[in-house]
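This report refers to the structure that appears directly beneath it.
The values are calculated or read from the model by the stated rules, or taken from the named source; none is laboratory data. Not measured: the values here are computed from a predicted model. Counting neighbours? That spans all protein chains shown, and the Cβs are built from the backbone with ideal geometry, glycine included.
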Amino acid sequence: MDADVVVIGAGAAGLAAARSLAERSLRVILLEGRDRVGGRVWSRTMTRSVVPAELGAEFIHGPAEETMTLVRKAGTAAIDSTGESWLYRAGKLSRGDDDFKSVPEVFEESRSLAEDESLDHFLRRFSTNGAMRRTAAAARAFAEGFDAADPAIASVRAIADEWKSGVDSTTARPLGGYPPLFRRLRESCAAAGVQTQLSTIVRHISWQPGAVTVEATNGSGRHQTLRARAAIVTLPAGVLRHRGDENEIVFDPVLPATKLDALDKIEMGQVVKIALLFRTAFWERISEGRYRDAAFFRCENQPFGAFWTQYPVRSELIVAWAAGPKAIALHNASQTELIELARDGFASLFDEPAQVQSEFESGFMHDWARDPFSRGAYSYLRVGAGDARIALAAPVDGTLFFAGEATSSDGQGGTVNGALETGERAGREAAAWLRATNAETETQHG
């Protein structure tokens, strides 16, 4: 055997799983198709900005205990990102801090449903209720923007459960972005003896109880075969369910029907996220400093539904965000067109096109939908999904284990903390199975 466990994918879940196993004195090989660790966390450092441009995950949502522990161990801090929220509606900006406060009332109504239904179908019942119409619109905006969900197929029960979990109760950022946290994770893996192989693309996973053979290709095209007693698969749901070309990952034998059914019920949200770098933070000066402490600008009837600053950190960096149907509508635009559209959308908030044009320096993005190692941003549940996340997380014959944000069943799907927790969970599960197998073998030969 080359290792006790092969961990596939070096995002937050894979790194956490590998660390968990290695710290239990198991031999671990960690495989990653990209030339970097981090998965859907990708930070672009810029010389003129005090913070990196986070092209993927950026925030810490809710209590996030695993993330906060990692923050402390990395010697950094979490900065509360709560600031003023502004809403752009009917051609003008006004304070919009209270828009989402009544949304729980809408989702509470869904608990009386006899069967699950789409968010869109559920919200339509409020279309003639004058008092609730705007709250229902806010609930739709929340689901599209926060969950990156398409209301036409998203489970209203799942979104209501997420809201109740409190994962959206607070929002913070790691000081200095996510790089210090992932450096700490990788260093911990290395110190514990994990062998990490980057630019190694897994093509085929053969398995039987107690044995796994992983076929992979490295960056130079060389074929590699690795054998282990178990594997932890931390790939995104969009990658696991991808079929029909050379990028498909083949399981032999195929995964159980319960696992495939779960993958069919877990959808990958679509996001277009643009980092816009300006020469100065000009929005802090215009209109006599009216927007100096702005954290978020939300927009109605614009291609990008939100823009945010780095408040309370003072930075020249603005993020433009389109998610769910808004992101799908931008699917055919080029990166150059998207950056220009984001820049012009931000300019329209202040009716200052000339100033924004003169201040604009550059824009950056990553297309997660077309990235073969992600195939989307993060997961949400389709109508009738039920316990699909639990089914996806379930081990197979004590040999295949699964982790990643899509397997988080406590409302933390789509979050870094959800990924970290599931990686730790899968590591514990695999270690327990291997210990039990060792004990059984010793008994038989005793």
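The table below lists the values:
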| item | result |
| --- | --- |
| Residue that is modelled with the lowest pLDDT [pool: residues in segment 105-136 that are within 24 Å of the chain's Cα centre (by Cα) and part of a helix (DSSP H, G or I)] | 107 |
| Failed criterion for residue 432 (all others in (1) of a type in the set (Gly, Ala, Ser); (2) surrounded by fewer than 16 Cβ atoms within 10 Å (Cβ to Cβ); (3) farther than 29 Å from residue 189 by Cα; (4) at pLDDT 95 or above hold) | (3) |
| Any hit, segment 160-171, residues being of a type in the set (A, V, I, L, M, F, W, C), farther than 23 Å from residue 80 by Cα and out of contact with any His (no Cβ under 7 Å at 6 or more places or on another chain) | yes |
| Residues located in segment 92-104, provided they are modelled with pLDDT of 90 or more and either in the same structural domain as residue 304 (by TED's automatic domain parsing) or loosely packed, with under 14 Cβ neighbours inside 10 Å (or both) | 92, 94, 95 |
| Test for residue 264: is it surrounded by fewer than 17 Cβ atoms within 10 Å (Cβ to Cβ), closer than 22 Å to residue 93 by Cβ and at pLDDT 95 or above | no |
| Residue list for segment 19-34, filter: closer than 13 Å to residue 198 by Cβ and over 19 Å from the mean Cα position of the chain (by Cα) | 29, 30, 31 |
| Unmet criterion (only one of (1) farther than 20 Å from residue 45 by Cβ; (2) in a strand (DSSP E or B); (3) more than 21 Å from the chain's Cα centre (by Cα)) for residue 302 | (2) |
| Condition met for residue 379 (buried (at least 19 other Cβ atoms within 10 Å of the Cβ) and without any contact (Cβ under 8 Å) to a residue 24 or more places away in the chain) | no |
| Lone qualifier among 69, 82, 76 - being of a type in the set (Ser, Thr, Tyr), part of a loop (DSSP other than H, G, I, E, B) and out of contact with any Leu (no Cβ under 8 Å at 6 or more places or on another chain) | 82 |
| Some residue of segment 42-65 being in a loop (DSSP other than H, G, I, E, B), in the same structural domain as residue 9 (by TED's automatic domain parsing) and free of Cβ contacts under 8 Å to residues at least 12 places away in the same chain | yes |
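Condition check ((1) out of contact with any Asp or Glu (no Cβ under 8 Å at 6 or more places or on another chain); (2) hydroxyl-bearing (Ser, Thr, Tyr); (3) assigned by TED's automatic domain parsing to the domain that holds residue 35; (4) part of a loop (DSSP other than H, G, I, E, B)) across all residues:
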residue: 287; (1), (2), (3), (4): yes, yes, no, no
residue: 326; (1), (2), (3), (4): no, no, no, no
residue: 337; (1), (2), (3), (4): yes, no, no, no
residue: 342; (1), (2), (3), (4): yes, no, no, no
residue: 357; (1), (2), (3), (4): yes, no, no, no
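Per-residue answers, yes or no, for (1) buried (at least 21 other Cβ atoms within 10 Å of the Cβ); (2) under 23 Å from the mean Cα position of the chain (by Cα):
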position: 229; (1), (2): yes, no
position: 234; (1), (2): yes, yes
position: 242; (1), (2): no, yes
position: 254; (1), (2): no, no
position: 257; (1), (2): no, no
position: 273; (1), (2): yes, yes
